[in-house]
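Just so it is clear, none of the values below were taken in a lab; they were calculated from the coordinates. Not measured: the values here are computed from a predicted model. Ideal geometry is used to build each Cβ from the backbone, glycine not excepted, and the neighbour counts take in all protein chains shown.
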Amino acid sequence: MKARYSVIVPMFNEEQVISVTYERLKKVMDECGDTYELVFVNDGSRDRSVQMIREISDRDECVKLIDFSRNFGHQVAITAGMDYAEGQAVVVIDADLQDPPEVILQMIEKWKEGYDVVYAKRLKRRGETMFKKVTAKIFYRLLSSMTSVDIPTDTGDFRLIDRKVCDVLRGLKEKNRYVRGLVSWVGFKQTMVEYEREERFAGETKYPLKKMIRFALDGITSFSHKPLKIATYVGFFLSFSSFIYLFFVLFQRIFFTSWTVPGWASIVGVNLLFNGIVLMLLGVIGEYIGRIYDESKDRPLYIVSETKGYHNDELVDRRKDYKDVR
Ligand code: UDP
Ligand code: MG
C-alpha cells in the first residue's frame, strides 16, 4: 500500500545522529496513525551513515534509501527526495534534529485543515554561532527586499507540502536550486507553524562558510535581477559624476592653469576606485552567466548509485537488467 506521508531526510556525514533521528521520527510518525515512509537521501556521505540506514531498512520497511554517487548538495538531496516520495503529504526535515520531529504533527493538522504548504518559522535558533545567526538574519531580509516573490523570512526547508505542490516542484528543472524560494514561488494555500530551532544533536554543521555563500548567491540570483540592475544604476551614477567632474577639471585648466600639475593622488585614487567597481560589477554579471551556462549544459541534477526499500517499483525496474559482472 502506498504511504500517506513521506518524510525526506537529506544526510551528509550524519552517522552520529542518524539512528536517533530515525527513532524519533518513527515515534512521531507512529503517533499520526497512518501509513508513512522515511526517505533518507544520502548526499555522498563518507562515513557510516549509509550502512546504518541500510541496516535499519532491512528490519523496517518504512525506511527507504536513495544513495547519491557523490555529494550534490543539500538542496539537490531534497529535490531527489521529492522525486522519489510517494506520499500525499511530503515533509522535508534536517537529519540533525535541529528541526524537532514533533512539529510534523502540527503540520499534518494544518494540512488536514486544507493547507497545501505548511512551513515552519524559526522563532529562536539555539546552539548556532552569533555569526551564523546575524548573517542569516541579514540574508533573509536582503533577499526579501530584492525579490517580488514572497519568501518568508527565518524559514528553512523544514516544511510539509501537498502532493500537488510536490508534483509542480518536480516539474521545475532549474539547476542552482533554492528550494524554499521555489515553494513560495509556486503559490497555493500556504500557512506556517512556529517553532524553536534546537541545537544540533551531535556532529557539526555541514554548511561551512563557502557553502553558505553559494547558497545565498543561489537564493538571490534565482529570485532577483536586482544585482544586475545595481550595475546599471552604479554605471549611471558614475557617468553622471564623472561628467560633472570633467567640467570642474576643464574649468580649472582654463582659469587656474597653475593648479593642474599636482593631481597624481586623485588620478590614482579615482582609477583604483573605478576599476574596483567595474570588476565587481563584472563579477555580478559573471554569476548570472555562470548559472545560464549550468542550465544550458542540461546535466541531470543528481546521480543515484543505489536505492533501497523500493520493492517492485518502476524505479527498481529501470535497473533490473543491470548486472554487475565483477
Ligand atoms: N546536508 C546535505 N548535503 C550537504 C550539506 C548538508 O544533505 O552538502 C544535510 C545535512 O546532513 C542536514 C541538512 O542538510 O541534514 C542541514 O545541514 P546542517 O544541519 O549541517 O546545516 P545547518 O543546520 O548548520 O544550517
Ligand atoms: Mg543543522
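Quick rundown of the values:
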{"item": "Condition check for Thr79: crowded, with 19+ Cβ neighbours inside 10 Å and out of contact with any Pro (no Cβ under 8 Å at 6 or more places or on another chain)", "result": "yes"}
{"item": "Residues within the range 28-60 that are touching a residue at least 24 places away in the same chain (Cβ under 8 Å) and over 22 Å from the mean Cα position of the chain (by Cα), tallied", "result": "16"}
{"item": "Residues within the range 122-155 that are in contact with an Asp or Glu (Cβ under 7 Å, 6 or more places away or on another chain), under 19 Å from Val193 (Cβ atoms) and within 15 Å of ligand 1 (Cβ to nearest atom), tallied", "result": "4"}
{"item": "Lone qualifier among Arg70, Arg24 - being over 21 Å from Val117 (Cα atoms) and within 16 Å of ligand 2 (Cβ to nearest atom)", "result": "Arg24"}
{"item": "Close pairs (7 angstrom Cβ cut-off, 6 or more residues apart or separate chains): on the phi > 0 side of the Ramachandran plot in the range 5-26, within 12 Å of ligand 1 (Cβ to nearest atom) and not aliphatic (A, V, I, L, M) anywhere", "result": "Asn13/Ser45; Asn13/Arg46; Asn13/Asp47; Asn13/Ser49; Asn13/Lys206"}
{"item": "Filter result (within 14 Å of ligand 2 (Cβ to nearest atom) and either among the β-branched types (Val, Ile, Thr) or under 12 Å from Asn42 (Cβ atoms) (or both)) within the range 75-96", "result": "Ala77, Ile78, Val92, Ile93, Ala95"}
{"item": "Pairs, first closer than 14 Å to Val9 by Cβ and in contact (Cβ under 8 Å) with a residue 24 or more places away in the chain in the range 79-95, second within 16 Å of ligand 2 (Cβ to nearest atom) and polar (S, T, N, Q), C-beta under 9 Å, six or more apart", "result": "Ile93/Thr21; Asp94/Thr21; Ala95/Thr21; Ala95/Ser49"}
{"item": "Criterion (of a type in the set (A, V, I, L, M, F, W, C) and more than 14 Å from the chain's Cα centre (by Cα)) met by exactly one of Met212, Met146", "result": "Met146"}
{"item": "Candidate set: the range 97-137, residues that are in contact with a Phe, Trp or Tyr (Cβ under 6 Å, 6 or more places away or on another chain) and not hydrophobic (A, V, I, L, M, F, W, C); chosen: the one nearest to ligand 2 (Cβ to nearest atom)", "result": "Asp99"}
{"item": "First in the range 202-227 and more than 9 Å from ligand 1 (Cβ to nearest atom), second anywhere and among the charged types (D, E, K, R), Cβ under 6 Å, 6 or more apart", "result": "Thr221/Glu287; Thr221/Arg291"}
{"item": "Total residues in the range 82-99, condition surrounded by fewer than 20 Cβ atoms within 10 Å (Cβ to Cβ) and either within 22 Å of Ile151 (Cα to Cα) or away from ligand 1 (no atom under 16 Å from the Cβ) (or both)", "result": "2"}
{"item": "Test set (1) crowded, with 16+ Cβ neighbours inside 10 Å; (2) of a type in the set (Lys, Arg); (3) assigned to a helix (DSSP H, G or I); (4) more than 16 Å from ligand 2 (Cβ to nearest atom) - Arg180 fails condition number", "result": "(4)"}
